[in-house]
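Read the structure below first, then the notes.
The values are calculated or read from the model by the stated rules, or taken from the named source; none is laboratory data. From a predicted model like this one, the values you see are computed outputs, not experimental measurements. Reconstructed Cβ throughout: ideal geometry from the backbone, glycine too, with neighbour counts over all protein chains shown. Accessible surface is based on the protein model in full, side chains and every heavy atom, while ligands, DNA and RNA are left aside. Shrake-Rupley method; radii C 1.70, N 1.55, O 1.52, S 1.80 Å.
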Amino acid sequence: MMKAAYLKEKMNIIIRDDRPLPEPDDSQVLIKMEFCGVCGSDVHFYREGKVGDTPAPKDFILGHEAAGTIIKAGKNVSGLNPGDRVALEPGYTCGKCEFCKTGRYNLCPDVQFFAAPPVSGALQEYVVHPADMCFKLPDNVSTEEGALVEPLAVGMHAAAQAGVTLGSSVLILGGGCIGLVTLLAAKARGASNIVVVDLFQKRLDMAKEMGATAVINAESEDVAARVKEVFGDLGADIVFETAGAISTIQQTPYYVKPGGTVCLVGMAAESMVNYNFNQIMMKEVTIKSVFRYRNLYPAAIAAIASGAVNVEQIVTHRFKFEDSDLAFHTAVVHAKDEIKEVIEF
Ligand SMILES: [Zn+2]
Ligand SMILES: [Zn+2]
């Protein structure tokens with residue numbers, strides 16, 4: 001038997017030593033989990049017992065930002081061996097549908113994804129995973145960084161979707177984990193002017209440290225006036241919405257430059273949003289959106305290894321696996337002072 005962290009009910013995770021050790025099939029590897037990041041979607045399940053209309057199943061196991069060490073490989077696995085440290089890409093797709101066949105596997109309707117019901121997450125001592133979704137970490141990338149490849153891939157996908165390029169001016173609404181990884185990715189792609197807006201000063205300080213050219217505190221400053229001051233009357237080439245709040249989604253048409261791009265990254269709690277489409281039409285703005293990521297784990301690992309991005313900076317809290325409940329509790333209760341919790345096994 002092995003230990004796993006079960007969501008018993010809202011705001012309560014317990015560790016039990018009652019889960020059978022999984023056995024890898026021929027194409028899978030068995031991984032001893034070492035690090036797992038706490039993600040916004042996990043926190044939704046913890047706080048509300050559901051995400052959108054999807055309730056957490058009984059004894060649900062959270063966690064999808066996972067990295068660990070291979071201890072056993074199925075007999076058809078090549079290129080990975082026991083002892084290898086790997087980052088686990090959490091989604092496993094059918095490989096056969098139109099979307100998989102065109103390389104856009106994040107849109108596969110048959111995806112199985114860690115901690116997306118009914119699939120269990122990675123907060124267990126051992127997991128089995130398809131070998132082709134495990135990416136070996138080079139010596140100069142820590143296993144903790146391996147767990148952060150997942151959120152980084154979201155930021156990289158967002159920056160690619162929005163077409164950030166050398167010299168782009170970028171406004172990022174929301175300075176939480178996803179806002180900050182979007183900042184890292186935009187910066188690595190050569191954006192010249194990157195401004196982050198948030199309500200919490202801690203996040204803005206972090207954004208500055210990570211290379212934002214300016215930050216705006218939405219609590220104490222007039223955001224519209226400051227956006228004008230920084231970007232000029234025309235606005236920013238690219239506006240990312242990463243806060244997942246209706247009010248920030250609604251601001252995007254006003255801050256984007258004519259001919260520019262709005263990129264929606266955060267998922268709002270409400271599906272219907274009042275939105276000024278006339279602004280979008282008159283400015284001939286492109287709206288892009290982001291669902292997870294695709295084909296990016298190797299590039300994200302290479303970007304960490306080369307020093308092009310320093311993703312470990314976003315970790316503000318570290319917890320032992322036994323204290324998983326406290327890790328989630330911190331994410332809920334101390335939202336003002338936290339950015340990223342990582343759980344270490
Ligand atoms: Zn995540
Ligand atoms: Zn598919």
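Okay, helix-only estimate at 222 nm for the chain: each DSSP H run of n ≥ 4 adds -39500 (n - 2.57), divide by all residues, round to 500 deg cm²/dmol; what do you get?
On the way: 10 runs with 100 residues, N = 345.
Computed ellipticity for the chain at 222 nm equals -8500 deg cm²/dmol.
Lys pairs in the range 156-289, Cα-Cα under 18 Å, at least 8 apart or on separate chains: how many?
On the way: K187/K208; K228/K257; K228/K283; K257/K283; K257/K288.
Within the range 156-289, the lysine pair count is 5.
In sequence order, what are the phi-derived ³J(HN,Hα) couplings for the range 54-61 according to the Karplus relation 6.51 cos²θ - 1.76 cosθ + 1.60 with θ = phi - 60°, rounded to whole Hz, with x for glycine and proline?
Each residue's phi maps through the Karplus curve to give 8, x, 6, x, 4, 6, 6, 10 Hz.
Could you name the lysines whose alpha carbon sits less than 29 Å from that of K8, not counting residues in the same chain fewer than 8 places away?
The qualifying lysines are K32, K50, K58, K320, K336, K340.
Using r as the Cβ-Cβ distance of S247 and K320, and R0 as 41 Å, what FRET efficiency do you calculate, to the nearest 0.05? List each step's numbers first, then the result.
Working: r = 37 Å, r/R0 = 0.90.
After rounding to 0.05, the efficiency reads 0.65.
In nanometres, what is the gap between the two model label sites at M282 and A269, each 7 Å from Cα along Cα-to-Cβ?
In this crude spin-label approximation the distance works out to 3.2 nm.
Output the relative contact order of the range 50-127, whole-number percent, from Cα pairs under 8 angstrom with separation of 6+ residues. Show your work: numbers first, answer last.
Details: 105 pairs, mean separation 27.0, N = 78.
Taking the mean separation of contacting Cα pairs over the length of the range 50-127, I get 35 percent.
Just going by the charge dipole of the range 156-289, with Lys and Arg at +1 and Asp and Glu at -1 on Cβ, which of N217, V181, L264 is farthest out on the positive end?
V181
Using the Cα centre as the reference, give the magnitude of the dipole from point charges on the C-beta atoms of the chain (Lys, Arg: +1; Asp, Glu: -1; all else neutral), rounded to the nearest 20 debye.
600 debye
Apply the Karplus curve 6.51 cos²θ - 1.76 cosθ + 1.60, θ = phi - 60°, to the phi angles in the range 267-275 and return the couplings in whole Hz, x for Gly and Pro.
9, 7, 5, 9, 7, 9, 10, 6, 9
Give me the number: length gained by fully extending N12 to E209, i.e. 0.36 nm times residue separation minus the C-alpha to C-alpha distance, one decimal in nm. Working shown, then result.
Values: separation 197, 0.36 × 197 = 70.92 nm, distance 3.40 nm.
So the chain would gain 67.5 nm between N12 and E209.
Using only protein heavy atoms and a 1.4 Å probe, report how much of C177 is accessible, in Å² to the nearest 10.
Counting only protein heavy atoms, the figure is 20 Å².
Suppose R0 equals 45 Å. What FRET efficiency, 1/(1 + (r/R0)^6) with r the Cβ-Cβ distance, do K58 and E229 give to the nearest 0.05?
On the way: r = 52 Å, r/R0 = 1.16.
Working from the Cβ atoms, E equals 0.30.
For the chain, how big is Rg over Rh, using alpha carbon atoms and the Kirkwood form of Rh? Spell out each step's value before the answer.
On the way: Rg = 20.0 Å, Rh = 20.6 Å.
Taking Rh as the inverse mean 1/r over Cα pairs, Rg/Rh reads 0.97.
Remind me, relative contact order of the chain in percent, using alpha carbon pairs under 8 angstrom and six or more residues apart? It would help to have the intermediate numbers written out before the result.
On the way: 806 pairs, mean separation 59.9, N = 345.
Relative contact order here is 17 percent.
If packing is taken as the average count of other Cβ atoms within 10 Å, what order do 304-312, 118-126 fall into, highest mean first? Intermediate results must be reported in sequence, preceding the final value.
Working: 304-312: 16.9, 118-126: 21.9.
So the peptides 304-312, 118-126, ranked by packing, come out 118-126, 304-312.
What fraction of the Cα pairs in the range 156-289, stated in percent, has a spacing above 25 angstrom?
Working: 1189 of 8911 pairs.
Taking all Cα-Cα pairs of the range 156-289, the fraction more than 25 Å apart is 13 percent.
In terms of modelled amide H atoms, which long-range or inter-chain residues lie less than 5 Å from the amide H of R16?
HN-HN under 5 Å from R16: A4, Y6.
With the cut-off at 1.5 for a/c, could you classify the range 236-345 from its C-alpha gyration tensor as rounded, prolate or oblate?
On the way: a/c = 2.86, a/b = 1.63, b/c = 1.75.
Here the range 236-345 falls in the oblate category.
Quick check on the range 237-301: take the gyration tensor over C-alpha atoms, sort the square-rooted eigenvalues as a ≥ b ≥ c, and tell me if it's rounded (a/c under 1.5), prolate or oblate.
Here the range 237-301 falls in the oblate category.
Suppose each label sits 7 Å from its Cα in the direction of the beta carbon; what would the K96-V128 distance come out to in nanometres?
2.0 nm
Under a point-charge model restricted to the Cβ atoms of Lys and Arg (+1) and Asp and Glu (-1), what is the dipole moment magnitude of the range 156-289 relative to its Cα centre, in debye to the nearest 20?
On the way: 10 positive and 12 negative charges, 68 e Å.
Taking the Cα centre of the range 156-289 as origin, the dipole is about 320 debye.
Out of the trypsin sites (Lys or Arg not before Pro) in the range 1-90, which ones are loop residues according to DSSP with at most 10 other C-beta atoms within 10 Å? Please list the in-between numbers first.
Details: sites: K3, K8, K10, R16, K32, R47, K50, K58, K72, K75, R85; in loops: K10, K58, K75.
Of the trypsin sites (Lys or Arg not before Pro), the ones in loops of the range 1-90 whose Cβ has at most 10 other Cβ atoms within 10 Å are K58, K75.
Once you keep just the Cα pairs under 8 angstrom separated by 6 or more residues, what percentage relative contact order results for the range 156-289?
Numbers: 279 pairs, mean separation 30.6, N = 134.
Once divided by the residue count of the range 156-289, the mean separation gives 23 percent.
Rounded, prolate or oblate: which fits the range 101-168, taking a ≥ b ≥ c as square roots of the Cα gyration tensor eigenvalues, rounded meaning a/c under 1.5, else prolate when a/b beats b/c? Working shown, then result.
Working: a/c = 2.13, a/b = 1.28, b/c = 1.66.
Oblate, since a/c reaches 1.5 and b/c is not below a/b.
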